[in-house]
Amino acid sequence: MPSTSLTLAVVIGLVLLVAILLYNRLVAYRQRVRNGWAQIDVQLKRRHDLIPNLVASVKGYMAHERGLFDRIAQARSAAIAAGADVPRRAAAEAELTAGLRTLFAVAEAYPDLKASTNMLALQEELSSTENRIAFARQFFNDAVLAYNTARETFPSSLIATLFAFAPETPFAAAETERALPQVDFGDAVR
């Protein structure tokens, strides 16, 4: 009899230990996802802060491109407003990226603007920031993959269900980000 009680206590203890380890593993993965999102958010904020300077530096050269400036401003506002909603934020950021690509493509038609040291510095800073965003997005998506995989594999899935560990969404590139921008130089080239 005592050996049966001892065996039962050991089995229950092992099950609890495994459950605690699985729970802690899921928490660690979820924290990596949150950290990854925080890194993306920092880099996106950096890009959002650069955009007004960029627009201000090109407005004098490209005064008739008001529609493009409005599009960039609206996309920036939408991206900021999306907050931590990953799918909405990804879509808004993709729209902002498309607007910036169009801005740089149109800027190529202005030799004085291309030679402007301020414009070149802002372009370099934005390019550097875009690279940082890409690395942060890759880290985040890797963390999401590890977390979601841990959440869905047995026996972790039992703990994930029991403690309501929700799935995370990767920060995916939208179709507008994958497509090449369409630029019309109709009035810009004379």
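Is there a residue in segment 60-71 that is among the acidic types (Asp, Glu) and modelled with pLDDT of 90 or more?
Checking segment 60-71: not a single residue is among the acidic types (Asp, Glu) and modelled with pLDDT of 90 or more.
Which residues, counting only those in segment 85-96, are in a helix (DSSP H, G or I) and under 17 Å from PRO170 (Cβ atoms)?
Selection gives VAL86, PRO87, ARG88, ARG89, ALA90, ALA91, ALA92, GLU93, ALA94.
Only one of LEU96, LEU21 is out of contact with any helix residue (DSSP H, G or I) (no Cβ under 9 Å at 6 or more places or on another chain) and either modelled with pLDDT under 95 or closer than 26 Å to SER156 by Cα (or both). Can you tell me which?
Among LEU96, LEU21, only LEU21 is out of contact with any helix residue (DSSP H, G or I) (no Cβ under 9 Å at 6 or more places or on another chain) and either modelled with pLDDT under 95 or closer than 26 Å to SER156 by Cα (or both).
Going residue by residue through segment 25-44, is there one that turns out to be under 21 Å from MET119 (Cα atoms) and touching a helix residue (DSSP H, G or I) at 6+ places or on another chain (Cβ under 6 Å)?
Yes - at least one qualifying residue is present in segment 25-44.
Would you confirm whether or not segment 145-159 contains a residue that is under 18 Å from HIS48 (Cα atoms), under 24 Å from the mean Cα position of the chain (by Cα) and either small (Gly, Ala, Ser) or modelled with pLDDT of 90 or more (or both)?
Scanning segment 145-159, I find no residue that is under 18 Å from HIS48 (Cα atoms), under 24 Å from the mean Cα position of the chain (by Cα) and either small (Gly, Ala, Ser) or modelled with pLDDT of 90 or more (or both), so the answer is no.
Confirm whether ASN118 is surrounded by 14 or more Cβ atoms within 10 Å (Cβ to Cβ) and at negative phi.
no
Out of the residues in segment 21-51 that are small (Gly, Ala, Ser) and surrounded by fewer than 18 Cβ atoms within 10 Å (Cβ to Cβ), which is nearest to the chain's Cα centre (by Cα)?
ALA38
Mind checking which residues of segment 102-120 are in a helix (DSSP H, G or I) and over 22 Å from ALA75 (Cα atoms)?
Listed by number, the residues that qualify are PRO111, ASP112, LEU113, LYS114, ALA115, THR117, ASN118, LEU120.
Restricted to segment 52-76, and to residues that are over 13 Å from LEU96 (Cα atoms) and basic (Lys, Arg), which residue is surrounded by the fewest Cβ atoms within 10 Å (Cβ to Cβ)?
Only one residue fits best here, namely ARG66.
Looking at segment 126-153, I want the residues that are more than 11 Å from ARG32 (Cβ to Cβ) and have a partner that is part of a helix (DSSP H, G or I) and among the β-branched types (Val, Ile, Thr) with Cβ atoms under 7 Å, at least 6 apart or on another chain. Which pairs are those?
Sorted first by the residue in segment 126-153, then by its partner, the pairs are ILE133/ILE40; ALA136/ILE40; ARG137/ILE40.
The values are calculated or read from the model by the stated rules, or taken from the named source; none is laboratory data. Since the model is a prediction, treat every value here as computed from it, not as a measurement. Backbone-built Cβ (ideal geometry, glycine too); neighbour counts: all protein chains shown.
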